[in-house]
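The next block holds one structure in the form of C-alpha cells; read it before the comments.
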Ligand code: SF4
C-alpha cells in the first residue's frame, strides 16, 4: 500500500471514531436482496437492526423453536459469517444453522393460491431471494451445499430444498455491495444517492425511509 493510501486509511479511521461508527463498516447480506438505496441509508445510519418487520420476528421465533427443540450432533445455530469486500468494508450475515459442512436456513411461509403455490406440496422451489442469501452464506463460509427448510405457517409441516454454491451469483451480490459502498461515500460527502433505484415494485410502500426519498425524489 502506498504511503498516501495509508494516510487515507488513517484519516478514515479517525473520522469513523469521531462520529462513533464501527470499523470496518458492515453491510448485511439480507439488505442486498432489496432496494440498494435502502441498504445504503441503513448502512450509513446503522439502523439495520431497528428495521425488523413482523415477518422477520416470526422467523426469529421459528429459529429459536428449532434451536431449543432439535438436538443433533455437529449442529451450530446462529453462526456469524463475515467476508471482506474491500478495505474498511465487510459483508456480514448469520446462518441459521450449520450441520457438519452444510448450511441450513429456516423459513416460515403462508400459502395462498392468489400469490403463489397453494400448499407446501405444490411449492416447486424456494424464492430467488432466499436462494441468493443462502448462496452468499455458502460463499462466505467456503462451503458447497446448503438447504432451505420451508415450514408451513399453518401446522409447521416442512420441506427442504437443496442449494449449491454458485460463485458467479455471489460475485453479482458483491457488485450490489459495491453500489452500497459508493452510495454511503456519497452520503458522507453530502450527496444523496438518488441514482440508486428500488429493486422491486411496491418496495417503497412499507419502507421506513419513504419520507426522505419522497422529499428528495419530488425535487
Ligand atoms: S423509499 Fe423506496 S427508494 Fe427509498 S429507500 Fe425505501 S424502498 Fe428505496
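Values in this text are rule-based calculations from the coordinates and carry no lab data. Note that this is a predicted model, so its numbers are computed, not measured. Counting neighbours? That spans all protein chains shown, and the Cβs are built from the backbone with ideal geometry, glycine included.
Which whole-number percentage describes the relative contact order of the chain, with Cα contacts under 8 Å and a sequence gap of 6 or more?
22 percent
May I ask you to order 30-37, 133-140 by the average number of other C-beta atoms within 10 Å around their residues, highest value first?
Numbers: 30-37: 21.5, 133-140: 23.6.
Output ranking for 30-37, 133-140: 133-140, 30-37.
Multiplying the sequence separation of residue 70 and residue 144 by 0.36 nm and subtracting their Cα-Cα distance, what value in nm do you get?
Working it through step by step, the gained length comes to 24.3 nm.
Using only the alpha-carbon atoms of the chain, report the extent along each of the three principal axes, biggest first, to the nearest angstrom.
Rounded to whole Å, the extents work out to 56, 44, 31 Å.
How far is helix 128-141 tilted off the main Cα axis of the chain, in degrees rounded to 10, range 0 to 90?
So the inclination is approximately 70 degrees.
Let me know the Kirkwood hydrodynamic radius for segment 1-131, please, with Cα pairs as the basis and the value in Å to one decimal.
Final number for the Kirkwood radius of segment 1-131 is 17.9 Å.
Using alpha carbons only, how many degrees (0 to 90, rounded to 10) separate the axis of helix 36-45 from the longest principal axis of the chain?
The two axes meet at around 60 degrees.
Compute the FRET efficiency between residue 201 and residue 21 as 1/(1 + (r/R0)^6), taking r as their Cβ-Cβ distance and R0 = 22 Å, and round to the nearest 0.05.
0.10
Using alpha carbons only, how many degrees (0 to 90, rounded to 10) separate the axis of helix 54-69 from the longest principal axis of the chain?
60 degrees
What are the semi-axes of the equivalent ellipsoid for segment 129-219, taken as the square roots of 5 times the Cα gyration tensor eigenvalues, largest first, in whole Å? Provide the component values of the computation, followed by the final result.
On the way: eigenvalues 216, 84, 16 Å².
The three semi-axes for segment 129-219 are 33, 21, 9 Å.
What FRET efficiency do you get for residue 6 and residue 171 if R0 is 30 Å and r is their Cβ-Cβ distance, rounded to the nearest 0.05?
Calculated value: 0.60.
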